[in-house]
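Novice: Handing you this structure, nothing more for now.
Since every read-out is calculated from the coordinates, none of them should be taken as a lab result. Values in this document were obtained by computation on a predicted structure and should not be read as measured data. FYI the Cβ positions are ideal-geometry reconstructions off the backbone, even for glycines, and counts take in every protein chain you see.
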Amino acid sequence: MAWKSELTRILQDSQSQTSRLRFDEPISKHVHFGIGGNAAAYFEISAVSELAAVANLKKRLHVPVSIIGRGSNLLVSDSGYPGIVIRLIGAFDRLEFEGDRVWVGAGVSQPRLSKIAGRKGLSGVEFALGIPGSVGGALIMNAGAWGSCFGDSVELVQVMTDEGTLIELNHDEAKFGYRHSGLEEYFCVTGARLQLTPGDVKAITNRTNELYKRKIATQPFAEENAGCMFKNPPDDSAGRLIDECGLKGYRIGGAEVSKIHGNFILNIDHATVEDILNLVRHIQKTVKREKGIELEMEVKLLGF
Ligand code: EPU
C-alpha cells in the first residue's frame, strides 16, 4: 500500500529520535481493556511536523486515522483497525506553567497533570488524579468526576485541522457538554491552556488524595476495564440503574459487570470483544425493559 511507504518516509524525513512506527501492531497492548485486533500501522508521534504530514496523508489518500490517547476509553474490534493509530508523545507531552495558567499537551496523562498542578499550589484538576486517560481524550470527552469536568478550567484548546494547520479555539468554541465536546470534528486535539486557581499546596493535595481515595473505594481498579461503560441519563446514574436491575456480577464469557460499581464492565478472564458487546446489549435491553431508559455507550468503539 502506497500510504505505508509514505508513512515510513514521514518518519525518516523528520529524523525524530523518539517517534516510533510499527506495522501490524496489536492494539491490545495499548488499550486498557487489553483486547482487540491489530492496527495496520501504529505511530507514536513526537513532532508537530509529523502529525501535519499524517493529516495530509489522510486527506490525500483517505487512509483512516485514529488518535488513541492512552487507550483508557476504547473498545477495539477483533478485526483490528485498517488505518493508522496514533499516540502523541514528545512535543505533545509537555506541561508548562506560567503563573496560574498551564499549557498542557494532549499526550500528557491526567494523573500527571493533576499531581504536578497540586504540587504547584494550583487548584482545578484535583478530580483528574483517578482518571487514567490523556488530556487530549479528556478534552474531547470532557472527562470529569465528583462534580468537576475538564472543560471547566479550559481557556483555549489547540487543534490541528484536516489541512495540518494548528488553530486555537476559545472555551466556547470548544463546545463542552456532558462527556462531549465539539472537538471531534477536527483532525486532532494537540493541547490546551488551562486557567487554574492558586491556593494552598497542602489543601489542594489533600483534596486530590481524598477524591482519589473516594474513587478507589467506589469503583473497580484492579481488573482491565474502560471506565464507565455508559453515559449517565439526565439526572440519573447508569451505575445505580444497572445495580437496581440486579446486574452486578452478571457475566458473559470472560466479561463481568463489576460487583463494586454497575457502570463498569471488567475483562476478568480473557474476555473477547464479542463477550463485552453481548454484555453491553444485555444491560441495555434489561435497563430498557425494567426502567424504560435507554443507556448510551460512553466508551468509544474503534474498527467496527
Ligand atoms: N450507585 C449504586 N450502585 C452502583 C453504582 C452507583 O447504587 O453500582 C449509586 C451511588 O451510591 C450514588 C449514585 O449511584 O448514590 C451515583 O454514583 P457515583 O457517585 O458512583 O456516580 P456515577 O454517576 O455512577 C459518575 C461518573 C464517573 C465519575 C463518578 C464520580 C459518568 C458516566 N460517570 O458516576 O465517571 O467517576 O460520577 O464523580 O458520568 C467515567 O465517566 O468513566 C466515570 C467513571
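Novice: When the helix-only estimate is applied to the chain (DSSP H runs of n ≥ 4, each -39,500 (n - 2.57), divided by the residue count), what is the mean residue ellipticity at 222 nm, nearest 500 deg cm²/dmol?
Specialist: The per-residue figure over the chain is -9000 deg cm²/dmol.
Novice: While we're looking at this one, here's another question. For the stretch 290-304 and the stretch 175-240, what is the centre-to-centre distance using only Cα atoms, to the nearest Å?
Specialist: First find each Cα centre; the distance between them is then 19 Å.
Novice: Continuing with this model, one more query. Can you give the Rg/Rh ratio of the stretch 253-304, where Rg is from the C-alpha atoms and Rh is the Kirkwood radius?
Specialist: Taking Rh as the inverse mean 1/r over Cα pairs, Rg/Rh reads 0.97.
Novice: Taking the alpha-carbon centroid of each part, what is the distance from the stretch 56-73 to the stretch 10-35 in angstrom?
Specialist: Cα centres, the stretch 56-73 to the stretch 10-35: 12 Å.
Novice: Next question, about the same structure. Treating only the Cβ atoms of Lys and Arg (+1) and Asp and Glu (-1) as charged, compute the dipole magnitude of the stretch 1-133 about its Cα centre; round to the nearest 20 debye.
Specialist: On the way: 16 positive and 12 negative charges, 7 e Å.
Dipole magnitude for the stretch 1-133 comes out near 40 debye.
Novice: Inverting the mean 1/r over all pairs of different Cα atoms, compute the Kirkwood radius of the stretch 2-91 and quote it in Å.
Specialist: Here the Kirkwood hydrodynamic radius works out to 13.1 Å.
Novice: May I pose another question? Where nothing but the Cβ of Lys and Arg (+1) and of Asp and Glu (-1) is charged, how large is the charge dipole of the chain around its Cα centre, in debye to the nearest 20?
Specialist: Dipole magnitude for the chain comes out near 540 debye.
Novice: Something else now. Testing the spin-label approximation: label points 7 Å from Cα along Cα→Cβ at Asp24 and Phe97. State their distance in nm.
Specialist: In this crude spin-label approximation the distance works out to 4.7 nm.
Novice: Suppose we keep just the DSSP beta bridges with both residues in the stretch 2-91; what percent of those would be antiparallel, to 5?
Specialist: On the way: 6 of 15 bridges.
So the antiparallel bridges amount to about 40 percent of the total.
Novice: Another question, then. Could you give log10 I(q)/I(0) at q = 0.07, 0.12, 0.14 Å⁻¹ for the chain, computed by the Debye formula over C-alpha point scatterers of equal weight, without solvent?
Specialist: Cα-only, vacuum Debye calculation for the chain: -0.28, -0.83, -1.10.
Novice: Okay, next question. Over all pairs of distinct alpha carbons, what does the Kirkwood formula give as the hydrodynamic radius of the stretch 221-295, in Å?
Specialist: Kirkwood radius, the stretch 221-295: 12.1 Å.
Novice: Of the DSSP beta bridges with both residues in the chain, give the percent that are antiparallel, rounding to the nearest 5.
Specialist: If I count the DSSP bridges inside the chain, around 75 percent turn out antiparallel.
Novice: Let me ask you something else. One quarter of the convex hull surface, Cα atoms only: what value does that give for the stretch 94-217 in nm²?
Specialist: With every direction weighted equally, the projected area is 6.9 nm².
Novice: Counting every Cα pair in the stretch 148-278, what percent are over 17 Å apart?
Specialist: The calculated P(r) of the stretch 148-278 puts 70 percent of pairs beyond 17 Å.
Novice: When we measure straight from the Cα of Lys175, which lysines land under 20 angstrom away, once same-chain ones fewer than 8 places off are left out?
Specialist: Straight-distance partners of Lys175: Lys231, Lys300.
Novice: Charges at C-beta only: +1 for Lys and Arg, -1 for Asp and Glu. How large is the resulting dipole of the stretch 99-188 about its Cα centre, in Debye rounded to 20?
Specialist: Details: 7 positive and 11 negative charges, 125 e Å.
For this selection, approximately 600 debye.
Novice: Using only the Cα atoms of the stretch 150-199, what do you get for the radius of gyration and for Dmax, in Å?
Specialist: 11.3, 41
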